[in-house]
Amino acid sequence: MNTPPPHAPRQAWLSLLAQAPRDLLATHAAPVIADHHFEWLRRPETGLAMVRARIANGGDRFNVGEATVTRCVVTHRPANGPATAGVGWVLGRDEDRAQWVASLDALLQVPALHPVLSKAVLAPLAEALAARRAADSARADTSRVQFYTLQPEAN
């Protein structure tokens, strides 16, 4: 029986937070973060990351190009319990988004806060992302060519 690795839940919420639209992340993160104190381990910094791909999704790797990313690391020390470190990596030059992601990551690692934050922050962000993806897919479907309607040529 395959069990997910222990880091899988954190990987999932970091992916969700990094992909969340800026306005929704600000709406849900700002009130939560304001109630807690964080210390910088690494202030937000912007740089480049090499984007790599594979030929036919399984062949040799090749460099596609570079992407601008912003990253930071914060720590949160709750009144009772161990300190947690949160990381934030986002595409683009948005220091606030990276800080929100890192702060929420640190808070989500606190067992007492995780259920509350999952319901108040992660669930609405997941719904918004799903709705955005569905709208994008529906818009793309309007221009999709249906090749199965073509008749093969007779010899």
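Each value in this text was obtained by applying a stated rule to the coordinates, not by laboratory testing. Nothing here was measured: the structure is a model prediction, and the numbers come from that model. Backbone-built Cβ (ideal geometry, glycine too); neighbour counts: all protein chains shown.
Some notes on this structure:
- If you plug the beta carbon distance of R42 and K119 into 1/(1 + (r/R0)^6) with R0 = 35 Å, you get a FRET efficiency near 0.75.
- Förster-model FRET efficiency, 41 Å R0, R139 and A8, C-beta, rounded to 0.05: 0.85
- With a Förster radius of 41 Å applied to the beta-carbon distance between A30 and I55, the computed FRET efficiency rounds to 0.45.
- In a reduced charge model with +1 at each Lys and Arg Cβ and -1 at each Asp and Glu Cβ, the stretch 35-121 shows a dipole moment near 220 debye about its Cα centre.
- Residue among T142, T27, T75 with the largest mean-square fluctuation in a Gaussian network model of the chain, springs linking Cα atoms under 10 Å: T142
- Each Lys and Arg Cβ is given +1 and each Asp and Glu Cβ -1; about its Cα centre, the chain then shows a dipole of about 200 debye.
- Correct choice for Cα extents along the principal axes in Å that was computed from the model, options (i) 80, 40, 33; (ii) 44, 32, 26; (iii) 44, 40, 28: (i)
- Listed peptides 81-93, 121-133, 43-55 by packing density, highest first (mean Cβ within 10 Å): 81-93, 121-133, 43-55
- Mean separation of Cα pairs under 8 Å and 6 or more residues apart, divided by the residue count, gives the stretch 9-65 a relative contact order of 18 percent.
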